[in-house]
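Please read the structure below before turning to the comments.
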Amino acid sequence: MARRIYFAFDYQDVFAVNQIRRSGHFVGVAVAGFADASQWEKLKRKDDAVIRRAIDTALKNTSVTVACIGPRTATRRWVKYELAASADRGNGLIGVYLPGLSGQPIPKVLSDAGAAVYQWNSTRFAAWVESAAQRR
């Protein structure tokens with residue numbers, strides 16, 4: 001079954017996150033239904049309510065949220081909001097360390113939800129997403 005995935009991450013990690021999004025399991029952003037933090041960068045100068053509404057709108061019709069974990073992910077204000085809003089709406093949650101990284105702090109929402117956290121593996125990613133969707 002096709003899954004609409006929301007990617008939560010620190011924007012400074014966007015190039016590493018793109019490795020995950022282009023892992024070969026998906027035809028393209030429009031087809032896969034990806035939504036993520038990179039679109040919030042243009043909203044930085046707006047007020048918090050505008051950013052929250054934009055995130056909430058992007059989360060609609062998604063079934064799984066993937067936290068792409070890098071050195072700053074766990075402390076980023078909007079990543080915390082994205083993950084909390086995802087949990088509140090019932091999305092399946094998983095964490096994936098960015099390629100080549102491990103041992104980075106895990107966002108509290110993932111820990112509190114008992115979400116699985118994985119080392120990046122392109123051949124297993126789709127199965128992890130499906131598993132998270134089934135657990136939700």
> Cα-Cα pairs above 18 Å in the stretch 42-99: how many percent?
Replying inline: 36 percent
> Karplus couplings for the stretch 120-133 from phi (6.51 cos²θ - 1.76 cosθ + 1.60, θ = phi - 60°), rounded to Hz, Gly and Pro as x?
Replying inline: 4, 8, 5, 7, 10, 4, 4, 5, 5, 4, 4, 4, 5, 5
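No lab work stands behind these numbers, since they all come straight from the coordinates. Quick caveat, the model's predicted, so the values are computed rather than measured.
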